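Okay, so here's the structure we're looking at.
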Amino acid sequence: MSNSILVTGSSGLVGGALVSALSSIGVRVTQLDIRAMDLARGDVRDRERVFQAMAGVDGVVHLAAVSRVIWGEQDPDQCWSTNVGGLRNVLDLAAGSSAPPWVIFASSREVYGQPDQLPADEDSPRQPVNVYGRTKVEGEQLVVAAQRRGVRACTIRLSNVFGSTNDHEDRVVPAFARGALLGRELRVDGADNTFDFTHIDDVTRGIMSLAERLGRSVELPPPIHFVSGVPTTLGELARAAIRIAGSNSRIRTAPPREFDVARFVGSPARAEEWLGWRPHVSLEAGLTRLIHEFRAGAAATEASR
């Protein structure tokens, strides 16, 4: 494993878990996130700030992004300037360094849009249906261009990562978990929409395995999924949350949003081939753990009053 790694987007779901895991094995981690409240605070669109953060690191895991589909629809300009401009800063600075760090770019299943066949593999056509997905396709193209300039850069594609209470409250898994625990009605926008939910522990382990490979002078892998390969509808997810929580919550169905992908399941075969990686945490186990953590947190808050 490299001795020093910069994690952009270090305050997010994946970033926070990765920083903790890397630090636990003795890696010196530099953090950069627009939401940080200390010396780690910084915007990836600020080239000078990125230059400072990259000084002396062996590698960069670039997670910083406008990370929600709906945010991209609401503010396309910010989505493009952050997701594409921020990555361009990282890759340009890496290419211009006397000792170029390797770079891992976090892309998304959104690049596939509505896949023609499932499970989708990494060679499936990229046909995004929203602003966020289009920025990720552009980012992947920047990675390919950086590779031609000698940067050891590669792309990972993530899908519906879940498993921490440190997540956006309105993302579907934490929203259903918390809502079921509180006995609230669960609104399901598109009950038959089908996704590939992947636990944060598996994603973190995959990124660390890839970082270890990039630190060695071996062949660069092509784009890689870190996905479970298991399809779950939103209706099934809501029912599972209610069952695991022992809740009396009701489900209210609504039409899907027009800019959402309706179905995605990915193949994890390439990750196993290149990294020996396969998912370990099932949706059932991860959702059970998350609901337990929400329940423990609520009990602790109540006890402190």
Quiz item: Tell me, what HN-Hα J-couplings in whole Hz come from the Karplus equation 6.51 cos²θ - 1.76 cosθ + 1.60 at θ = phi - 60° for each residue of the stretch 141-147, using x for Gly and Pro?
Solution: 5, 5, 5, 4, 5, 5, 4
Quiz item: If you plug each phi of the stretch 180-185 into the Karplus form 6.51 cos²θ - 1.76 cosθ + 1.60 with θ = phi - 60°, what whole-Hz ³J(HN,Hα) values come out, in order, with x for Gly and Pro?
Solution: 5, 4, 8, x, 7, 5
Quiz item: So what are the ³J(HN,Hα) numbers for the stretch 40-45, from phi and the Karplus equation (6.51, -1.76, 1.60; θ = phi - 60°), rounded to whole Hz, Gly and Pro as x?
Solution: 7, 5, x, 10, 5, 6
Quiz item: What residues qualify as long-range amide H neighbours of I251, i.e. H under 5 Å apart, gap of 5 or more or another chain, H built at 1.01 Å from N?
Solution: L186
Quiz item: When the chain is treated as a GNM, springs tying every alpha-carbon pair under 10 Å, which of D75, D196, D43 comes out with the largest mean-square fluctuation?
Solution: D75
Exercise. Would you look at the GNM of the chain, springs on alpha carbons closer than 10 Å, and say which of G183, G139, G85 moves the most?
Key: G183
Quiz item: What residue among G133, G246, G15 has the largest mean-square fluctuation in a Gaussian network model of the chain, using Cα springs under 10 Å?
Solution: G246
Quiz item: Can you list residues whose amide H is under 5 Å from T198's amide H, if they're 5+ apart or on another chain and H is modeled 1.01 Å from N?
Solution: V161, F162
Exercise. Report, by chain and number, residues whose modeled amide H sits under 5 Å from the one on Q127, excluding near sequence neighbours (fewer than 5 apart, same chain).
Key: Y112, G113
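Of the beta bridges DSSP finds with both residues in the chain, what % are antiparallel, to the nearest 5?
Among the beta bridges of the chain, antiparallel pairing accounts for roughly 5 percent.
Just to be sure I understand: if I project the alpha-carbon convex hull of the stretch 182-305 onto a plane and average over all orientations, what area do I get in nm²?
10.3 nm²
We did not get these values from a lab; they are worked out from the coordinates using the rules stated. Bear in mind the structure is a predicted one, so any value in this text is a computation, not a measurement.
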